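So the structure is just underneath, and the comments pick up after that.
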Amino acid sequence: MTKKRIAVVPGDGIGKEVIAQAVNVVAATRASVEFTEFDWSADRYLKDGITIPPDGFAMLARDFDAILVGALGDPRVPSNIHAKDILLGMRFKMDLYANVRPVKCLDDSLCPLKNTPAADIDFVVVRENTEGPYVDVGGVFKEGTPDEVAVQEDVNTRKGVERVIRFAFDYARKNGRKKVLMTDKSNVMTYAHGLWQRVFRKVAAEYSDLESSHMYVDALCMHMVRDPKQFDVIVTNNMFGDIITDLAAALQGGLGMAASGNIHPGRTSMFEPVHGSAPPFAGKNIVNPIGAISTAAMMLDYLGLSAEAAKINDAVREAVRQRKTTQDIGGSLGTRESGEWMANLAAGS
């Protein structure tokens, strides 16, 4: 079997620590992969002013099958220009239009909701990843005066909306899920989200085997904490996806547990844990590596290495069950020790 080529960008702060553990756990499964590490980070930017080389994105798409990225952000770069160039650059310039966020609580002790078992929290959020307010279209008029006007455009194209909605339905079918819910604020954003409404109805009609429904995003937030069991696959726009997935992460034990993939089916795609770089905690061996390790499992599954991905997911579940974890989720191990425990289990499974 030809080895899958994976580019690794550890990033800043705690990203370097957790990505190192993710790489070690993947290696322990003996997956047929090879890693190439890139130093794109605040350190690199402060050294030579380079965020990403001019041919960086083309090189990633040409030479690699997937990209594993750590957290980016450093107070020494107040503008965070390097993080924007690298992360948003990958999403936009590589057209990684579907952000996929599994939301699964692995133990009752991690669920913050009263009288809600962990088994009730098992859904996936599919977020449109290349449009919306994140395209940076807008401007400021009469800045600094009492008459200042700030405008930010929410860009939604029919192509962009349709392909991510279709991705959500295809994802549901492929993964044995039964329901797809679209969330928006079309009662206020009548033009932008009216497009979402029309396209969702059209696409849903092609998937009669799946239940389709709609919920306004404010109601969705309420029901996510009142009755998360009802959700299966949720598809939404870029901004609302950004917001609700942080709420969703809290339901599974915090951002340290959350994995994600930025995907364009059939192309080189990027996978990243969703927590920040947390500079105050960097280098202290205290941060939770599970989000990064679970992200690596997502990546392997995307690459067709499902057996190796399953080994990692089993190791993560067992680590949580036995409290072989960091303190934030009830364990007493450090980042390295927790990662090594999961690597050893994955190696023997």
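The values are calculated or read from the model by the stated rules, or taken from the named source; none is laboratory data. Computed from a predicted structure; not experimentally measured. For neighbour counting, all protein chains shown are included, and Cβ atoms are generated from backbone atoms with ideal geometry for every residue, glycine included. The accessibility values were calculated without ligands, DNA or RNA, using every heavy atom of the protein model including side chains. Shrake-Rupley method; radii C 1.70, N 1.55, O 1.52, S 1.80 Å.
Looking at segment 17-37, can you tell me whether even one residue there is aromatic (Phe, Trp, Tyr) and farther than 26 Å from Ile286 by Cα? Lay out the reasoning, then the answer.
Let us first name the residues in segment 17-37 that are aromatic (Phe, Trp, Tyr), namely 35.
Right, trim to farther than 26 Å from Ile286 by Cα and you get none.
No - not one qualifying residue is present in segment 17-37.
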### Summary
When segment 159-217 is checked residue by residue, the ones that are part of a loop (DSSP other than H, G, I, E, B), touching a residue at least 24 places away in the same chain (Cβ under 8 Å) and hydroxyl-bearing (Ser, Thr, Tyr) are Ser186, Tyr207
### Query
When segment 331-349 is examined, which residues are found to be crowded, with 18+ Cβ neighbours inside 10 Å, more than 15 Å from Arg317 (Cβ to Cβ) and either touching a strand residue (DSSP E or B) at 6+ places or on another chain (Cβ under 6 Å) or without any contact (Cβ under 8 Å) to a residue 60 or more places away in the chain (or both)?
Leu333
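Condition check ((1) of a type outside the set (S, T, N, Q); (2) open to solvent by 60 Å² or more (accessible area, probe 1.4 Å); (3) not in a strand (DSSP E or B)) across all residues:
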position	(1), (2), (3)
Ile19	yes, no, yes
Val23	yes, no, yes
Arg30	yes, yes, yes
Phe35	yes, yes, no
Leu46	yes, yes, yes
Thr51	no, no, yes
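Within segment 93-107, identify whether any single residue is of a type outside the set (A, V, I, L, M), at positive phi and assigned to a loop (DSSP other than H, G, I, E, B), and answer yes or no.
Let us first name the residues in segment 93-107 that are of a type outside the set (A, V, I, L, M), namely 93, 95, 97, 99, 101-102, 104-105, 107.
Imposing the further condition that a residue be at positive phi reduces the set to 95.
Then drop every residue that is not assigned to a loop (DSSP other than H, G, I, E, B), which leaves 95.
Yes, segment 93-107 contains at least one residue that is of a type outside the set (A, V, I, L, M), at positive phi and assigned to a loop (DSSP other than H, G, I, E, B).
Give segment 318-327 a look and list any residue that's assigned to a helix (DSSP H, G or I) and buried (at least 16 other Cβ atoms within 10 Å of the Cβ), or say none. Quick ask: steps written out before the conclusion?
First, the residues of segment 318-327 that are assigned to a helix (DSSP H, G or I): 318-322, 327.
Once the filter is applied, which keeps residues that are assigned to a helix (DSSP H, G or I) and buried (at least 16 other Cβ atoms within 10 Å of the Cβ), segment 318-327 yields Glu318, Ala319, Val320.
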### Message
For segment 218-253, which positions are among the β-branched types (Val, Ile, Thr), within 14 Å of Ile121 (Cα to Cα) and not in a helix (DSSP H, G or I)?
### Response
Val233, Ile234
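Is it the case that some residue within segment 221-229 is of a type in the set (Lys, Arg), surrounded by fewer than 18 Cβ atoms within 10 Å (Cβ to Cβ) and under 22 Å from the mean Cα position of the chain (by Cα)? I'd like the intermediate steps shown before the answer.
Step one: filter segment 221-229 for residues of a type in the set (Lys, Arg), giving 226, 229.
Cutting the leftovers down to surrounded by fewer than 18 Cβ atoms within 10 Å (Cβ to Cβ) gives us 226, 229.
Narrowing the set further to residues that are under 22 Å from the mean Cα position of the chain (by Cα) leaves 229.
Yes: one or more hits.
Working only within segment 312-336, note down all residues that are among the charged types (D, E, K, R) and in contact with a Gly (Cβ under 9 Å, 6 or more places away or on another chain). It would help to see each step written out before you state the result.
In the first step, residues of segment 312-336 are kept if they are among the charged types (D, E, K, R); the result is 314, 317-318, 321, 323-324, 328, 336.
Passing the criteria: Arg323, Lys324, Asp328.
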### Message
Let me confirm something: among Thr157, Thr190, Thr145, Thr116, which residue is open to solvent by 40 Å² or more (accessible area, probe 1.4 Å) and under 21 Å from Leu220 (Cα atoms)?
### Response
Thr190
